[in-house]
Amino acid sequence: MTVFLTKLDINTGSREFRRDHANIHDMHRTVMSAFPNITEATPARQAHAVLWRLDSTNDGYVQYVQSRTEPDWGVLPEGHLTAPAEVRPLRPVLDAVTPGRRLAFRIVANPTWCEAKSRKRLVHREPQRQVEWLMRKGEQHGFVIPNAGAEPDVAPSPIPTLVGRKNAATKITVEAVRFDGHLVVTDPDAFTEAVVAGIGRAKAYGCGLISLAPAES
């Protein structure tokens, strides 16, 4: 399986980035502009297995984009980046997914649940519920969150609500949470699939991409 990971150093002074930052659907379209159009019924994001995340840094923002198709970042507007895009294969990360392997991780996710009577999709806002949501996802996707002392080894952090519009009639609101912590792989095949396909909802809008690194000793 060939998967690519891109690092984009964003120029926060770019007019296009400021537009995208105000409308998460515009940011989705900017990301997808680096991939070929799809004529099939499958949506382009799914066809190319595109996931992305915008991380804030001391200097501004870094955007990570993961995909099965190699992107062409030459389509980005002039001045959108402060450095050339860095594209590398994800194979070394996927090769590290072995049974019992402990890894550091980060994911921005949209922890939701379905209310039984109304069938409405609601958001978990309490940190404990958010962690419980992630642990349930682990059961589905081949990993567990180990304990650090008496508590699970993960820290949820709120991020600003992601907002935008697809059109005049459709407003987008995504309440996302950033999780940083450690996990242990229990089912390498299921976990690899989750790394490639993403976890949770709102994957078109910056959620679901899980980044992995060697665990701290």
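The values are calculated or read from the model by the stated rules, or taken from the named source; none is laboratory data. These numbers were taken from a predicted model, which means no experiment stands behind them. Glycine gets a Cβ as well: all are built from the backbone with ideal geometry, and neighbour counts include every protein chain shown.
With the checklist (1) touching a strand residue (DSSP E or B) at 6+ places or on another chain (Cβ under 9 Å); (2) within 21 Å of Val195 (Cα to Cα) in hand, flag the one item Gln140 doesn't pass. Of the numbered conditions (1) touching a strand residue (DSSP E or B) at 6+ places or on another chain (Cβ under 9 Å); (2) within 21 Å of Val195 (Cα to Cα), the odd one out for Gln140 is (1). If you go through segment 19-46 and keep only what is within 21 Å of Val3 (Cα to Cα) and surrounded by 18 or more Cβ atoms within 10 Å (Cβ to Cβ), you end up with His28, Thr30, Val31, Met32, Ala34, Phe35, Arg45. For segment 135-142, the criterion of being in contact with a Gly (Cβ under 8 Å, 6 or more places away or on another chain) and of a type in the set (A, V, I, L, M, F, W, C) is met by none of the residues. State the number of residues belonging to segment 1-35 that are part of a loop (DSSP other than H, G, I, E, B) and under 27 Å from Glu193 (Cα atoms). Adding up the residues that qualify gives 6.
Yes/no per residue for (1) more than 28 Å from Ala22 (Cα to Cα); (2) of a type in the set (Asp, Glu):
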| site | (1), (2) |
| --- | --- |
| Gly149 | yes, no |
| Gly164 | no, no |
| Ala169 | no, no |
| Leu183 | yes, no |
| Glu193 | yes, yes |
| Val196 | no, no |
| Pro214 | yes, no |
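Find all pairs meeting these conditions: Cβ atoms under 8 angstrom apart; at least six residues apart or on different chains; first residue within segment 78-94 and in contact (Cβ under 8 Å) with a residue 24 or more places away in the chain and of a type in the set (D, E, K, R); second residue in a strand (DSSP E or B) and surrounded by fewer than 17 Cβ atoms within 10 Å (Cβ to Cβ). Cβ pairs passing all conditions: Glu86/Lys7.
Looking at Gly60, is it more than 17 Å from the chain's Cα centre (by Cα), surrounded by 13 or more Cβ atoms within 10 Å (Cβ to Cβ) and on the phi > 0 side of the Ramachandran plot?
Values: more than 17 Å from the chain's Cα centre (by Cα): yes; surrounded by 13 or more Cβ atoms within 10 Å (Cβ to Cβ): yes; on the phi > 0 side of the Ramachandran plot: yes.
In short, yes.
Sort out for me the strands (runs of 3 or more DSSP E) sitting completely within segment 73-183 that have 2 or more residues that are crowded, with 17+ Cβ neighbours inside 10 Å and at pLDDT 95 or above. So that I can check it myself, show each step before the final result.
Details: elements: 86-89, 102-109, 112-114, 121-123, 154-158, 162-167, 170-174.
Where strands (runs of 3 or more DSSP E) fall fully within segment 73-183 and carry at least 2 residues being crowded, with 17+ Cβ neighbours inside 10 Å and at pLDDT 95 or above, they are 102-109, 154-158.
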